[in-house]
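Notes follow once the structure below has been shown.
The values are calculated or read from the model by the stated rules, or taken from the named source; none is laboratory data. None of the values given here were measured: they were computed from a predicted structure. Cβ coordinates were reconstructed from backbone atoms using ideal geometry, including for glycine residues, and neighbour counts include every protein chain displayed.
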C-alpha cells in the first residue's frame, strides 16, 4: 500500500503551468490569510512570552524567573498536582469514553448521528455555565464537598468527556468492517478481536483524545476554582495570578514557557509527533 | 526568485495588518464637545456597578455625547489594559490603592475640581478628609493628595456576614473568633483576593496589639491601626502566612463572588464580605429583593453584618481620567451628572453600595427612607399609623427619649459625621437591634469607621514577598525529597519510554544475535518430516 502511494507521488505533476508572469494567483496564495493569522496570533505572542520569560521588570536579560520557579517547592508541588489531576481526568475520560464511542460507532440507533449528537450537545453550552450547573447538581445529590480533589476531577471529566469521545468515535466509525470479519474468520473470539484488532486500529483516536484532554486540564483553572472552592491551585491559576494580581508578567511568562516545554517533551516522549498517528482524527 | 516574491507577499500582508492596527490605536481623539460633532465617551466600570439607565439619561441630556460603556473584572486587569493601551478609556472607576498607583505613575490626570461643583458641594466632609490624608509623590511631581485625582464614587468596609441563627455574635467580634470555634469548621470563607485576605491575616496575627490600640483610643488610633494593617516587612508577611495556612483547613472556600449565594443557601454560616455585598445578601436572605419575574425570594435566613472590633478595611472607588484621554469636557460633564444627588440616589438604589456624596437628598431619600424605623416603634407602642398625621409623628418624635426607644429595642444612630463632618446630631436615624447590622453595611457609625484603615498599594519587593506568601497559603507544599523522587521517577520513566521506542536503532540495546544452527552455517535446506 505504502509503496504504491510513493509511486503515485513520484509521478509528474500534470497541471504545472508552463509560463508565469508577475504575481499570479495560485492555490498556494490561499494560505496567506492563515499565515498572517499564524504570525499575528501564534508566533508573535509566543515570541513575546519568550521575551518576557527571559527578562526582568526593567527589561534586562535575566534567568531569575526560572530560578524562582524551580527553587520554590510550592510551585513545583503545584505542577505535580496539576499533572496528577490531569492524568486522573484523562484516564477516567478514556475509560468512560471508549465504550461509549464503540457503541456509538456500532449502534444502529446512531443512524445519522442522533445518538452522537446527544453526547456532543453539552459542548454547545458555555462551559462555565455547565460547571456551575454541575456543581449545584452535585450539591443537590450530596456528593459535593467530600473531597475537593475528587470534585475537581468530576468537574474536569464532565467538561472534557466529549473531547475524548469524538476522536475515538471518528476512528472507530471509519474502521473497515472487513477486518472484524477477517478476525472472526480466523477464529478469534470477541475479546481477541477487541484487543488484537479494534484497539490497535483505534490508537490514533485514543492518542489524539488524550492530547485534547490532558493538555487543557493542566491549565483550566476555572473548573478547579469552581469545583475546588478556590482551595486547589493548578498551574493555570498560578499563571493567571502572576498576570492579573501580582503584575509580574515575567514570572507568568516563564511559568507558561516551562509548561509549554513540559507539554512538548511529554508529547515527544509518548510519540505524539508521529504524523501517521494523527491521520485527520484531530478536531 | 519565486520564493522571494512569496515571502515579500506575506511580509507585505503582515505589515498591512500591523499598520492598520497601529493607525487605529494611535489616532488622536481631537474632537471637542463644543464643536458640534459627536464625541465618544468611553467609560469602563466594574460589572453591575452602575445603573445603566443613568447612561441613557446622560446621553439624552447631552445629545452630542455618545457613551460607550464596558466593564472589567478587577483593578489589576484594568491596570493592565491601561498599560497596554493608555487611550482605551476616558473614565474608569478604580479603587483608592489603584488610583494611587496610577497617579504615582502619571497614568491619570489631576482633576479640575471647580468643574464638578455638584460633587464638591455635596461630598461627605468626612470622606473628603480621609482622601485628603492619602498623600503621595508622583514621578517627577510634587506631593499631591489622592482627592485631587478622583471624583468619589462608592465606598465601603469589610466584615463578617453571618447567620444569626447559628453563629454567636461574640465569635464575629474578632476576625479570628470564627476560626477558634470548631462549630464553624468548613462553614466559613475568606476572600480569594490577596489584599483582602492579607488584611484579615494581619488583623488575626496582630490581634492583641490591635485590641490594645482600640482600648487606648485617642486621636492617633486610626493612624496606629493603619500602620499595623499595612505592615509588609518580611517577618510580618511570614507570620501572616503561617496564620492563614493554619486557618485554611477550616475554610469552606476562598471565594470572590460565590460567598453571598452560599450563605443565602445555607452552605456556610459566616463569610468575609464587602459591605455592599453584605447589604445585598442580608436583603435577599430576608426576602426583600424582588426576583426577575416579580416574585419575592421566599427563603428567610436571618443574616447580619459585623465589622470586627480590632479593625478592618475601608475602601473608596473613584472616577478618574486616564492621561491619554482627549475628552476632558465630556468627562467632566459625565462626572458632574453622576454626582448629582438625585442621580446618586437612583444609582445607590440600583447597586446597593454607598455613595461618597452626602447631602439632604441622600439623607431623606436613602437613609431615612430605607432605614428609619421610628414608625415601627410607634406601632410597637400601639399607635395606629393610619390615624396619625405627619405633624403628629413629628411631635411624638420630638418627645421621645433615647431611653424609651431602648426599652423597645430601638436606638438612635448618629450619622452627622458623614453628612456634616461634625457631631451636630442633625443627621440621625432610628433603627431596631435587628436592622443595626444592615445599616452598618451601608452607613457605619463614626466609632466603627475610625477603626477601619485604608490599605495602600504594594509594589516591588513587598509584592514579591506577598506573592510568595499567597502561593504558599493557596497551594500545597510537598517536602523537597518527595518532589525530587517524583521528578526523578518521571525522568526515568520518560527515558525508559524513549529507549523502548527506539530499541531497534540503538546498537548497545540490541540482544546478541542468536547463534546460527549447523544447517544455516552450511547453507543446507531443512525440510520437515511431512515433506519428506
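Inspect the stretch A:32-43 for any residue being surrounded by fewer than 16 Cβ atoms within 10 Å (Cβ to Cβ) and closer than 21 Å to residue A:240 by Cβ and give the result as yes or no. Even if it seems obvious, please write down each step before you answer.
Residues of the stretch A:32-43 that are surrounded by fewer than 16 Cβ atoms within 10 Å (Cβ to Cβ), as a first pass: A:32-34, A:37-38, A:40-43.
From what's left, closer than 21 Å to residue A:240 by Cβ: A:41-42.
Yes, the stretch A:32-43 contains a residue that is surrounded by fewer than 16 Cβ atoms within 10 Å (Cβ to Cβ) and closer than 21 Å to residue A:240 by Cβ.
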Out of the stretch B:401-421, which residues are assigned to a loop (DSSP other than H, G, I, E, B) and closer than 22 Å to residue B:438 by Cβ? B:408, B:409, B:415
Pull out all pairs, ordered by first then second residue, where Cβ-Cβ is under 6 Å, the residues are six or more apart or on different chains, the first lies in the stretch B:170-192 and is away from chain A (no Cβ under 14 Å) and more than 19 Å from residue B:209 (Cα to Cα), and the second is assigned to a loop (DSSP other than H, G, I, E, B) and modelled with pLDDT under 95. B:184/B:269
Does residue B:56 count as in a helix (DSSP H, G or I), more than 11 Å from chain A (Cβ to nearest Cβ) and modelled with pLDDT of 90 or more? yes
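Residues are listed down the side, and each one gets a yes or a no for (1) over 25 Å from residue B:199 (Cβ atoms); (2) in contact (Cβ under 8 Å) with a residue 24 or more places away in the chain:
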{"site": "B:68", "(1), (2)": "yes, yes"}
{"site": "B:80", "(1), (2)": "no, no"}
{"site": "B:84", "(1), (2)": "yes, no"}
{"site": "B:96", "(1), (2)": "no, yes"}
{"site": "B:106", "(1), (2)": "yes, yes"}
Looking at the stretch B:459-472, can you tell me whether even one residue there is under 30 Å from residue B:356 (Cα atoms) and touching a residue at least 60 places away in the same chain (Cβ under 8 Å)? yes
Which of (1) more than 22 Å from residue B:316 (Cβ to Cβ); (2) in a loop (DSSP other than H, G, I, E, B); (3) without any contact (Cβ under 8 Å) to a residue 24 or more places away in the chain; (4) within 14 Å of chain A (Cβ to nearest Cβ) is the odd one out, the single condition residue B:268 does not satisfy? (3)
Using the structure shown, decide if residue B:364 is in a helix (DSSP H, G or I) and under 25 Å from the mean Cα position of the chain (by Cα). no
Within the stretch A:186-218, work out how many residues are closer than 30 Å to residue A:155 by Cβ and assigned to a helix (DSSP H, G or I). 17
If we keep just the residues of the stretch A:65-81 that are more than 10 Å from chain B (Cβ to nearest Cβ) and buried (at least 16 other Cβ atoms within 10 Å of the Cβ), which is nearest to residue A:220 (Cα to Cα)? A:69
If we keep just the residues of the stretch A:212-235 that are free of Cβ contacts under 8 Å to residues at least 60 places away in the same chain and surrounded by 20 or more Cβ atoms within 10 Å (Cβ to Cβ), which is farthest from the other protein chains (Cβ to nearest Cβ)? A:221
When the residues of the stretch B:313-335 are narrowed to those that are in a loop (DSSP other than H, G, I, E, B) and touching a strand residue (DSSP E or B) at 6+ places or on another chain (Cβ under 9 Å), which ends up surrounded by the fewest Cβ atoms within 10 Å (Cβ to Cβ)? B:323
Search the stretch B:243-260 for residues being away from chain A (no Cβ under 14 Å) and modelled with pLDDT of 90 or more, and hand back the single one that is surrounded by the most Cβ atoms within 10 Å (Cβ to Cβ). B:243
